[in-house]
Each structure stands twice: as structure tokens, then as C-alpha cells.
1. Rounded to the nearest 0.05, what FRET efficiency do residue A:653 and residue B:31 give with R0 = 51 Å and r taken as the Cβ-Cβ distance? Could you check?
2. Trypsin sites (Lys or Arg not before Pro), restricted to the range A:445-535: which are DSSP loop and have at most 10 other Cβ atoms within 10 Å?
3. Could you give the dipole magnitude of chain A about its Cα centre, charging the beta-carbon of Lys and Arg +1 and that of Asp and Glu -1, in debye to the nearest 20?
4. So what is the diffusion coefficient of the range A:59-110 in µm² per second by Stokes-Einstein at 20 °C and 1.002 mPa s, using a Kirkwood Rh over Cα pairs?
5. Mind listing the Cα extents of the range A:443-601 along all three principal axes, in Å, largest one first?
6. Helix-derived [θ] at 222 nm for chain A: sum -39500 (n - 2.57) over DSSP H runs of at least 4, divide by residue count, nearest 500?
7. For residue A:149, which lysines qualify as cross-link partners when the Cα separation must be under 26 Å and same-chain residues fewer than eight apart are set aside?
8. Determine the total buried accessible area between chain A and chain B, counting protein heavy atoms only with a 1.4 Å probe; round to the nearest 100 Å².
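The values are calculated or read from the model by the stated rules, or taken from the named source; none is laboratory data. No experiment lies behind these values; they were computed from the predicted model shown. Cβ placement follows ideal geometry from the backbone for every residue including glycine, while neighbour counts extend to all protein chains displayed. We work out accessible area using only protein heavy atoms, side chains counted, and drop any ligands, DNA or RNA first. Shrake-Rupley method; radii C 1.70, N 1.55, O 1.52, S 1.80 Å.
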Amino acid sequence: MATENKKTFSRRKFFQRSAIVLGGVVVATYAAKGVIRRFIAETAEGMDMPSMLANNEALLWFEILPDNTVLMKSPKIEMGQGIFTGFAMLAAEELEMPLDRIKVEHASTSNGPIDKVSTGGSNSTSSLYVTIREVAATMREMLKIAAAKQWGIKPSEVKAHNGELSSGNRKITYAALAAGTKDWEVPEIPALKPASEFRFVGKDFKRIDLKQKVLGKPIFGIDQTFPGMLYGAILQSPYIGGKLKSVKTDLAAQSPGVVKVIHEDDLVAVVAKSRYAAQTALEKMEAQWDVPKKWQQDEFVALTKVGTGTRVNVQNEGSAESAIKDHPEEVFKQEYRTPMAVHAHMEPNGSVVHAEENKATVWTGTQAPDMVRGAVSSALGLGKDEVNLKVAFSGGGFGRRMDLLQPQNVARISKIVGQPVHVFNTREQEFMNGVFRPQTHHVLAAKMNKNGEVEAITHDQATPDQIFSMAPENVGAFFLGADFISAGHGASIMYNVKNKSTSVWHQQLPVTTGIWRSVGIFPNTFAIESFMNELAHKTGKDPIALRMDLLKGSEKINKRYQKVLEVLAEKSGWDKTKPEGTGRGVAICNDRKTIAAAVAEVEIIDGMIKVRKITQVIDPGMVINPEGIRMQVEGATMMGLTATLYEEIKVKDGQIASSNFHEYPMVTLADTPEIEVVIVQGHDEPYGVGEPPMGPVAPAIGGAILQLTGKAVRSLPIRLS
Amino acid sequence: MEIDFTINGKATRLNIDPAMPLLWVVRDELNLKGTKFGCGKAMCGACTLHVDGEAFRSCSIPAEFVSGKSVTTLEGLSESEEHLHPIQQAWMEENVPQCGYCQPGFMMAAARLIEQYPAPTDEDIKNNITNICRCGTQPRILKAIRRAAEIKQSLKS
């Protein structure tokens, strides 16, 4: 690979394009091969995204603005995780800038190449932890070199501090220097600051997007407006697998404010002067649907069952399967189920697209910018370079925005009417045409010896995929058999048991299933950890002591497990007397090297589950922004609570039975328990934070109910009866 | 139909379909994007704003309802971007938002609540605000509302 040539080319292109955008007040970047490799390796290691999405032109850009602030163009998207804040902290560290002088915005194709790696897998900060600092350090050295040239001294004699360069009595701001510098010398990547010299990393910082969000600024895709913009509404099937048989559009066409009714192949849509007019007209369409099968809940659930479909073994140590098969009398076996769910992020999916003669512009919140660009360019017959994608802040994502969200159809509509077109789903379209969290079925079996020690354990997880819809039909299933990468993530047994075996089973559902915050961690931790709680209950062991015992070892990870459990026992008051009528339950998981464990305190009042307190302990490796981590852990705890107590998508008469929040209750302020977040820094590099704490919530609550009632929780959402 | 009303202190006349939900009047006719669409069925509260000082879910009230009335959206809640409303100050102090999309509705509901309950307990808050947040900012919202009530009290004394 001609890395050097590429590097020079990219740099030149960067300067040229940026000069147009900013009038020359720009300093640059790099595209080192180390960065590229790291992206691919860490993407693959993250195991969440197929490497075909990996990027080989990952560029990160900084611009020095005239007011001596630095603008960073983020290749990862902000959907609430707080990554922009962490990025700014990392940049400030090496740039020698005050944190409040660093702004972060989404990269777009007009100001930089968009990262082909999607945002997800809790890896935004961890995967860019070194990269951002390297780019920032490179830029700082470029500034020093430029100042040294101007002053006729050596770069090592120039000091960079607080956005200024100085040497003796001479002083110049980054902005003033950048404005007067035409030729930049880009050095080799400089050595990075040791952690002991960090000024920002490890300290608490509030979100850098806090004020815009408190002021309600129009930062989301749905907020975008443009001169001449029209509003569209697209007809979507209310039936699972429904195909349009016929549609009468006359009434819709006569509806007030309608500009055009479109019926072109599979696309039926209304374009109007307002969203209200477009939606009103859409409701007047009389559509007939061909429904291949009117699915009912029981037969739908039966599609996902261990023993049905394709099996892929993902863990096999010792001889677990024969040990369990040969001694059925010594085997403890249980089954668990989790239901389908929707993402229910608060900003519905949609986009604004302006298709013009030989180009198109797209405004949308997406976790997969490159995929959106590709879809729009093929829908319009344009080259990918002719589609400019402006990434907006996302009003939640949780994996839903890894999928396409119809920008290609919005693009087609825009092309037909020749104006920018704004199309965002109704909540009913969100629910009934969603990409769903797959339902799962788990069978766990353990063989115990006379002393109650676990000798063998097997876990079979049946789950539809979460990633096959990203590849052409049948390709994923053909090559992988089952989705052990994403839906099966976390299925393997982490405990020290000599004989263990884990398999993931796949059978396709008639709806699209996809990534949902924490992917397989939520269902798998529910199943495995509920089983562990049942084992403890059955053998009369303390649930934390049982885990401590099975997680002993000499590896670093074993020490991290022990530490997390020790801290959890202490902070949750595990050994202290419980208030009367209270149950306590525990669970732990390892999600891509981050360890998350929780204790839940639960009461049952008038037959209702009341979660009083959840203590979460997380070891995410190195800690960048403790405040950001606490927010993410609180958020994951609340989302886990919704999934434990309420969430369930059912099907009925061929339709998704939940059309809006009245049929899909979620937690509110009234359900909010006390949440205590404790951070243990167990390593010197950062791992993910956003998803791991989802894992222990459901089994910890289930464990508390087991302790309180003697009845095990084996399916979600929890129903007491 | 011509409808006269006040929006964030300014007299306004619009010629619109009287059945158009107030949410879309505010967002698309008046270009005030701080009021959000979440469900369209008055269930999530993302579209909460004030009409004559009362909190309403604007996706489910028709434009004609506000004829002759005064509408306040998040954009009109504070004096200016420098002098924030106690609710917004508390939201800043407690670092509440994550994605931020549902927060305007929560802030508008909370601003009304602290008028009714100058020193709200958690129970007061939990019984009166049923908005939905998917990111899980509820623990901070509870803290921020109590904090906002304190800020408001301190301004009075």
C-alpha cells in the first residue's frame, strides 16, 4: 500500500478543501497507517460490527478558528453518550488548550471524510483514545514548528500553553499563527503525554453540548428546515411482511396543502406544504395489503427455540456436553426467555434530503453515515462523492440508527418534486415498522458434584440475528450460520468451570431484527446470571460468594472481577441487614473487557415490583470522564429497568401489537430508584461504558425477587403471578 | 381561519387550519423547534408547552384552542440565553440531558410544577410528571427539579 503517497494526497486535499470552507485559517491532520490498522483491529475486536464496514481513510480534523478556539470534526456521532465531551478532553490534553476553547461537531462530507466505521459497540472513546491524542499532539507540534520558523529558533524552544505559543518574551496565539502560516510542516507523530501529566483526563466535566440542549437549540435532524422545503409522508405496511396490493390516492391528492401524490414502484408517498398536511393526507389513502401470513404471538415466539434452526458452537472446553448428557440426575437445568423490543428513541427516524441535478444533500441523525450515503447515492444514480451527508445530533439511537431509516426513499421523493423534502416517522410507524431487538430463548444446564461445586455447564441461546440485515440477503446467515457476533455476544460462560460449552442457534424471523443497546449482553446476562442466582439459591450459597469463588484466578481479569465484587458488596451493604420485605439480588458481566456488576434492592407492594435501589459498580479500564461514565451507567440502568419491568413487543393478527406508548409502557420518574454508581479504574486503557451496565440490571432484580419470594424469574418482562 | 394569539410574549396572527395541532403550528409555522414531537398522542410529553401558564401536550390540542391565549415555549421560558430560568439553571447544574430530545418537554412540565409546588417532594414530582425519557436521565431530573425550586425560592427572598 502506497501509504506515503496517500498521506501527501490526503493532506493536500485537506488543505484545499478546508481553505475554501474557512478562508485559510486552518491547521491540519494526518492519516497514519497506525491509525488505520487500529480502526480495523479494534472494530473487529469490538466484535459488534462486521469489518466490511471498516474504514481505511480515517481522518480526524481540527480547525483553528479566528477566535482562537479549536473545532474538532468528529467521525463518531453524538446520540447522548457524551462522547463529544470525552473527545474534547482528549484533544485539550495534547493541544494545550483550555477545555472550553474546544468545540466538537460532526464531520460531514463537505468538511472531511466521514468515518466508515459506524458508531456503536460502546467503543467510540476507547477506539479513539490514542488517535485523538496523536492528532492533537501532531497539530501542536506543527504549530510549534511554524512559530519556530517565524522566530528563527528551534521548535524545542517554543512552548505551547493555553492556546498560545511562546518563547522568551515572544508570544502568539494559535489563531494568529495559523492565519499567517501557509506551509505547514507535519512531523512524525510525537510522543504522547504520560497519564501522570494529564490535566483533564480522569476529572469530572459536564457535557460540552449541555447549554445547547438546555436551550432547546435546533440540533436534531427533525429540526432542519430549508427554503422551499416540503414535507413528505410515506405509506408503510401495517402488517408483518405485508405487500401493497392496491391503493386509492384520490382523497389524499385532494387533501388541503398536498403538492403531489407519488406512486412509483414500491414507493407511495404524499408531499405537502406542512407535516400536518402530509400526515392528514396519508391517512386518507385507502390501501389493500397482501399478507402472506397473519402471525399470532404463540407461533411467532415458537420460531425462536433452542434445538431449532442452525447451531454454532462458540465455546467448548473439556467435555461439558457429555458430562451433562451422561448424568441427568445430577444436572440442574432451566430455561429463560426475553421478548422482542423496540428502540423507542424519542426522536423518530427520518431525514431531510435535497436531491439536485448532479448532487444531493442529506441531513439526518445516523449511526451509520457511510451506509446512508451509499443508499442515497444508489437511489439517485449518483456517485457516493456527489452525496453530501450532514450528520445531525441524534435524539437517541440505541442501535436503531445503525439501520437505514429510509433516506433513499426521501431522496427519491426529493428528486421527483425538485425541492428539499423532510420525512420523519410517526410513532406508530416507528413501532410497527421497526427493527426489533430479537426475542431469545436460553437453556442452561449445570452438573454439580456432591459438594455442590459446578463441574460442567452448558448454555444454548436461540436468537434471531442483529446484523444480517446489513449485508445482502442470506449472506450473513450463509457465512456465519448464527449471529454469534452481536446477538450472541455475551453468551459464553466466563466462570471458571472445567467443562463448559456454549452454542448459539439461529432461525430467521419474518421481521427485521437488529442491534439494540448492549446487543447480546442484555439477554445473555439475564439468562446466565439468573441461572447463577438459582444455583446459589439451590445450594444455599451466598450469590456473591459463589461468584467470587468461580471467578478466582491469577489473570488480571480475575483480580478485576474480585475487586468489582468486593466493592459492590461493600457499597451495596450486601452483608448488612435488609429492611423488612426487601430482597437483594446481584449479577455481573464482562462486556468487551469492561466489568459491570449490580445489586438491586426490591420490594413487592400490592403485587407490584418496586425497585428501591440499584448499586452499579463498573470497571471500564481507564477512566476519562467520571461524570460522563456516571451518566451512562445511570442511563443504562434506567433502560435496563424498562426492559426488565415493562418492555415487550408482541404480534397479533399479523401486526405488531404495540402501536404507541400506551401499548408499550416505559419507566417514568415514578419508577426511578436510587442509583449509586461506583467506578473502579482497573486498567490503564479505556474500554466501553454505554452498554455493559445494561447486563446486570434484570438478573439482579430477578435475584432479589427470588430471595424475597422463593420464585425464580425466568422470562422478561417480569410478571408476578 | 385566522387565529390571534401571543407566542413568547409576541402578538401573532396566523391563517391556518384550526384543527392543526399546536405542536406543528409552533414548530413548522413559527419555526420554534424547541418543542419536540415524540408520540403524537399526548403520552410522552416531549411537546409540552404552556398555554396561559398551564402545561399542555401540544401535539394533541388544536390551533383554535389558543385563540386569544398566550403560548410559551422553551424558547420563551428564560429572559435571555444568559439569564436562564431556574429550571434551566438547575438542568445545567445537574448536567441532566443526554441526547437532549425529550428535555424541553420535561423542563416545561417542571417549570409549571414548581409554580404549583414551590418545594416539591419526590412524590409530588413523581405524581405529576409522566414524561418519557429513553436515555435514562430520570435520576438527574428528580434532583434538578428540587434544585430549581430552591433556586426559585432564593430569588424571591
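1. 0.75
2. A:450
3. The dipole magnitude comes to about 1140 debye.
4. Answer from the Stokes-Einstein relation: 191 µm²/s.
5. Reported extents, whole Å, longest axis first: 55, 33, 33.
6. After summing the helix terms and dividing by the residues of chain A, the value is -9500 deg cm²/dmol.
7. Cross-link targets: A:7, A:13, A:159, A:171, A:182, A:193.
8. So the total buried area for this chain pair works out to about 4500 Å².
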